[in-house]
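Asks: Quick one: the structure is below, questions incoming.
Readers should treat all values here as calculations from the given coordinates under stated rules, not as data from a laboratory. In this text the structure is predicted, and so the values were computed from the model without any measurement. No Cβ is skipped: glycine too gets one built from the backbone with ideal geometry, and neighbour counts run over all protein chains shown.
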Amino acid sequence: MPDPRFFSVAGPFSLQEVAEISRAELGKGADPEIVISDVAPLDEAGPGEISFLDNKLYLSLFTESRAGVCLVDPGLASKASSHMTLLLTKEPCHGFARVADAFYPEPAPEPATAPSASVSDRAAIGEGCRIEPGVVIGAGAEIGRRCRIGANTVIGGGVVLGDDCRIGPSVTLSYLIAGSRVIIHPGVRIGQDGFGFALGEKQHIKVPQLGRVRIGDDVEIGANTTIDRGAASDTVIGGGCKIDNLVQIGHNVRLGRNCVVVSQVGISGSTMIGDSVMLGGQVGLAGHLRIGDGVRIAARGGVMRDIDAGTTVGGFPAVPMREWLRGVAFIKRMSKR
Amino acid sequence: MPDPRFFSVAGPFSLQEVAEISRAELGKGADPEIVISDVAPLDEAGPGEISFLDNKLYLSLFTESRAGVCLVDPGLASKASSHMTLLLTKEPCHGFARVADAFYPEPAPEPATAPSASVSDRAAIGEGCRIEPGVVIGAGAEIGRRCRIGANTVIGGGVVLGDDCRIGPSVTLSYLIAGSRVIIHPGVRIGQDGFGFALGEKQHIKVPQLGRVRIGDDVEIGANTTIDRGAASDTVIGGGCKIDNLVQIGHNVRLGRNCVVVSQVGISGSTMIGDSVMLGGQVGLAGHLRIGDGVRIAARGGVMRDIDAGTTVGGFPAVPMREWLRGVAFIKRMSKR
Amino acid sequence: MPDPRFFSVAGPFSLQEVAEISRAELGKGADPEIVISDVAPLDEAGPGEISFLDNKLYLSLFTESRAGVCLVDPGLASKASSHMTLLLTKEPCHGFARVADAFYPEPAPEPATAPSASVSDRAAIGEGCRIEPGVVIGAGAEIGRRCRIGANTVIGGGVVLGDDCRIGPSVTLSYLIAGSRVIIHPGVRIGQDGFGFALGEKQHIKVPQLGRVRIGDDVEIGANTTIDRGAASDTVIGGGCKIDNLVQIGHNVRLGRNCVVVSQVGISGSTMIGDSVMLGGQVGLAGHLRIGDGVRIAARGGVMRDIDAGTTVGGFPAVPMREWLRGVAFIKRMSKR
């Protein structure tokens, strides 16, 4: 079970309640009155706990698990041991996410402003916000309701945050207009100057960066990620995007809605990315590209050209997945000769 | 136009003034008395505004633009619509940088030291500096005139900064001797221990890192970039270098003057780099290499050997550009069979 | 010699003392009473100073060096100039590390808690700790003895640190149980939410991250590196691991003991890594892999499969080193045709 040093568990819940929370069906012979006291991974869960199977890689852990209850795809139900109660769903991970959130809900922030925070008289702070020690908020900033601003975070003048945002410690936000329920992890840098220079032989002249960053609702941004503001128009992160740690997003980039950007990706300036695009870890994109909706780029792919909607690509320079794998197989054969 | 929430516009300027600022010639029939009130990108600019064309990719935006005035290469002047006034220059981006700087000059810092800053009695702070809340400055540090030190930045004992430096929030500087007009964006880490160990089977022994970091004038360093101090001699960043976000520079590296280092580049320890070298995004260099003046390494290139001055290389392991492209074309052919 | 602005030298030591510290033998005819006043690199050392040769690349520097004393492998002793006194050891770098540490010992922290620090009444701080300005420590945290907590660092509730830890400025630690003598450089982020979502077409549902981070004794972690806490079980960094700057370690990763992870490496979630594994710069590992003890992955290698203990691999997708080099040579031949 999660370490009580760090986590407080809610519940318990009955199997019936958990089935409703997880949007799953009770397995054959399941008793809806069973009491579930916690969530746990397959290899640690005990009789009163619920786990889930989402990756066939872990099928043997599932079969051997002592978990009392498990969320599982109906097609894998027959692999369970007889002692296990099943909750059947096509989306066990979604179900588990909902159950785990019921057992470990994110607590509302306790409203307070630390005495060591420096909040401008001309900033507007919504009701129910928690402003932790060492926070600095500039003139003209507008923070929505029930936001949590982590210790030593610096929010520049004019920045706008919607309601229920959770900003980690040691973040810097500037030139930013953000929506609601945005989660920003520690060390994120948003809104600093883009990398814009008129290059010259003797010196490079700085081009003033006069745009902003706009972030939609329900975006999450990982630790130490950097997002530069636009040079002239804005850098835009569409609603629902999930961005991992140590990602670089250059000036004027536009990410559509619900994109997933894994860690250490770099997106060069002015590249336009559609909705529901998936970028694997360490992917790099050149500047001024257009990437269509639903594109998937395998980890470490290096993209030098536009990509049509719906395409999956990999390798460097990135090509359609099948072509990349064929090239890899060819080199493998040649290098074994 | 830039959001007045964040930016204050200077001006207006006459076309004559703007021509002088941008070092451009008035196009045929241009009226030097025209009033220009702002800068804007091609697709947003209106009649009283000035824009520029620097990348042929955007030629159609240029042709369709409603901008009153545009900086453009004389060779492309004929593509302009008839309503547009032209300013002709071989370097439209340089011209625009100067004009944008005239409309949006970086304001001088308002001198002040925040009460929550912890500045050592034994630090020397030049006149006209702005020390924001939560800043910590150690004994023996020397800060030049008119520097801006962003909130919650930590400057270690003995660090030297020249005049007119602009240090962002949440930066850490230690063991550093820096010149004037240095710009450091948020979250940059300079001067921490290099990655030096005497490796062993049972344990790795830490090698004390006894060098410094030296940074020349007019250097700009992007957000969350890390520059380790030297192990014995110094890590050196030559004057005029422009370094993007999330770059790693190892101990004892020497960068010459006016280099451009795009984001997520990694330069391993003790590599020596000449003047005016360009490193594309996500490039990696092994340690102990010598890279000549004027070398260009295409994005994602991985360099394992010394490179002669003036060469352009790409790929991994990096080879001359033409050879790399030929190899890519060869694999492409083979993988389509 | 190291800049006295930043470093205070101990000593001097006699050659006999230095031989004992470095565990080296006196070279032929060496006078044990010689006085050594400092350490220095080969090209800067003078008559009263000690240097070392560990990389044949620098053999000519060795031959030409003015260093009074040098640590060197017995096999290279004949290359020394006649004025140089030699200390012979199979491990000159280890010897030098010990000598440099004797001349420049890490000073014990001066115990103090800065008035601007916000330390919870319910945190337990060991004796001899130094808590610098702007530090924030939450309820239930336990800090060992003689720890140094750098300015503006934020330590969340419940975090445990052992004795003699050295935490740099602007670090954030949460959900962490760490051992003794852990060194954490500035800007490191430990314990934030892992990148866990149940992905969906219309929205991605956040999966609560309910694990911790556990770090063994004698671990060092470089600037701006990010280590996410586990999703359910813990993220674990084994004792003695040395991790460089800007590394990403995903949730549930387990690193064995004494691993070396060079900068900008990315390790995806749930990958299990054995003891004494070496990961070169910019290496990437997919998730859910098993990497055996003693594996070495060359810089920029991209690993998509499990790797057996003791193997050295390189390239992307990573293959055994010899196979990779053969593939590279093959493409080189083809691209020169």
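Asks: Which three extents, in angstrom, do the Cα atoms of the range A:255-337 have along their principal axes, listed largest first?
Replies: That works out to 46, 22, 20 Å along the principal axes.
Asks: Hey, can you grab everything whose amide H is under 5 Å from the amide H of B:Phe52? Only 5+ residues off in sequence or another chain; H modelled, so Pro and N-termini drop out.
Replies: When sequence neighbours closer than 5 places are left aside, the close amide H contacts are B:Leu42, B:Leu71.
Asks: Taking the alpha-carbon set of chain C, what are its Rg and Dmax in Å?
Replies: Radius of gyration, then largest Cα-Cα span, for chain C: 23.7, 79 Å.
Asks: So the label point goes 7 Å from the Cα of C:Ser120 along Cα→C-beta, right? Which residues of the range A:97-116 then have their backbone N under 18 Å from it?
Replies: Zone members listed by number: A:105-116.
Asks: So, in Å, what gap is there between the alpha-carbon centers of the range B:154-205 and the range A:282-337?
Replies: Centre-to-centre (Cα) distance: 37 Å.
Asks: With a 10 Å cut-off between alpha carbons and a GNM built on chain C, which of C:Ala102, C:Ala318, C:Ala298 moves the most?
Replies: Of C:Ala102, C:Ala318, C:Ala298, the most mobile in the Gaussian network model is C:Ala102.
Asks: Tell me, what ³J(HN,Hα) does each residue in the range B:147-163 have, in order and in whole Hz, if you take phi through Karplus 6.51 cos²θ - 1.76 cosθ + 1.60 with θ = phi - 60° and put x for Gly and Pro?
Replies: 8, 10, 10, x, 4, 6, 6, 10, 10, x, x, x, 5, 10, 10, x, 7
Asks: How many percent of DSSP beta bridges within the protein assembly as shown run antiparallel, rounded to 5?
Replies: 10
Asks: Among B:Leu88, C:Leu255, which comes first, second and so on when ranked by fewest other beta-carbon atoms within 10 Å?
Replies: Ordered from fewest to most neighbouring Cβ atoms within 10 Å, B:Leu88, C:Leu255 come out as B:Leu88, C:Leu255.
Asks: Oh, and also: Strictly over 25 Å apart at the Cα level, which of C:Lys56/C:Lys332; B:Lys56/C:Lys336; A:Lys206/B:Lys90 would you flag in this model?
Replies: Those over the limit are C:Lys56/C:Lys332; B:Lys56/C:Lys336.
Asks: Shape verdict for the range C:76-213, please, from the Cα gyration tensor: rounded (a/c under 1.5), prolate (a/b greater than b/c) or oblate.
Replies: The shape class here is oblate.
Asks: Calculate the length of the line joining the C-alpha centroid of the range B:1-79 to that of the range C:236-263, in whole Å.
Replies: Spelled out, the Cα-based centre of one part sits 52 Å from the other.
Asks: Further, regarding this structure: Express the C-alpha Rg of the protein assembly as shown as a ratio against the empirical globular expectation 2.2 N^0.38 Å, rounded to two decimals.
Replies: Relative to the rule-of-thumb radius for its length, the protein assembly as shown sits at 0.95.
Asks: Next up: Let me know the charge dipole size of the range B:1-106 about its Cα centre in debye, to the nearest 20, where only the beta-carbon of Lys, Arg (+1) and Asp, Glu (-1) is charged.
Replies: With Lys and Arg at +1 and Asp and Glu at -1, about 280 debye.
Asks: A follow-up question, please. Please report C:Ser120, B:Ser276 as a ranked list, fewest other C-beta atoms within 10 angstrom at the top and most at the bottom.
Replies: C:Ser120, B:Ser276
Asks: Distances in nm, one decimal, shortest first, from A:Leu199 to the same residue in every other copy, taking the label point 7 angstrom along Cα→Cβ.
Replies: Nearest first, the other copies' label points are 3.4, 3.4 nm away.
Asks: Turning to a different aspect of this structure: Mind jotting down a quarter of the surface of the convex hull over the alpha carbons of the range C:123-173, in square nanometres, one decimal?
Replies: 2.6
Asks: What translational D, rounded to a whole number of µm²/s, comes out for the range A:13-103 from Stokes-Einstein when the hydrodynamic radius is the Kirkwood one over Cα pairs, at 4 °C and 1.567 mPa s?
Replies: So the translational diffusion coefficient is about 105 µm²/s.
Asks: When A:His94, C:His251, B:His83 are ordered from fewest to most other Cβ atoms inside 10 Å of their Cβ, what list results?
Replies: So the residues, fewest neighbours to most, are B:His83, A:His94, C:His251.
Asks: Compare B:Val35, B:Val188, B:Val262 in a GNM of chain B, Cα atoms joined below 10 Å, and give the one with the largest fluctuation.
Replies: Result for chain B, Cα springs under 10 Å: B:Val35 fluctuates most.
Asks: Can you list the HN-Hα couplings for the range A:61-66, worked out from phi with the Karplus curve (6.51, -1.76, 1.60; θ = phi - 60°), rounded to whole Hz and with x for Gly and Pro?
Replies: Calculated HN-Hα couplings, in order: 4, 5, 4, 8, 5, 8 Hz.
Asks: Sorted from largest to smallest, which semi-axis lengths in Å does the alpha carbon gyration tensor of the range C:159-222 give for its equivalent ellipsoid, taking the root of 5 times each eigenvalue?
Replies: 30, 12, 8
Asks: Would you mind checking the range C:56-88 for residues with the amide N under 12 Å from a putative spin-label position 7 Å along Cα→C-beta of C:Asp31?
Replies: C:85
Asks: For peptide A:245-254, how many partner chain Cβ atoms fall within 10 Å of a residue's Cβ, on average?
Replies: Partner-chain Cβ atoms within 10 Å, mean over residues of A:245-254: 5.
Asks: Could you give P(r) for the range B:150-303, binned at 10 Å from zero, as whole percent values over all Cα-Cα pairs?
Replies: Reading upward from the zero bin: 13, 44, 33, 10, 1.
Asks: Name the residues whose placed amide hydrogens come within less than 5 Å of the amide hydrogen of A:Arg296, ignoring near sequence neighbours (fewer than 5 apart) on the same chain.
Replies: Residues meeting the amide H criterion: A:Met278, A:Thr311, A:Thr312, A:Val313.
Asks: Defining the label point at 7 Å along Cα→Cβ, can you sort the distances from B:Asp121 to the same site in each other copy, shortest first, in nm?
Replies: From this label point to the equivalent ones elsewhere in the assembly: 3.3, 3.3 nm.
Asks: Copy-to-copy spacing for A:Leu325, label 7 Å out on the Cα-to-C-beta vector, in nm, shortest first?
Replies: 3.1, 3.1
Asks: B:Ile307's amide H: which non-local residues (gap 5+, or another chain) put their own amide H closer than 5 Å, with H modeled 1.01 Å from N in plane and none for Pro or chain starts?
Replies: B:Arg290, B:Ile291, B:Gly292
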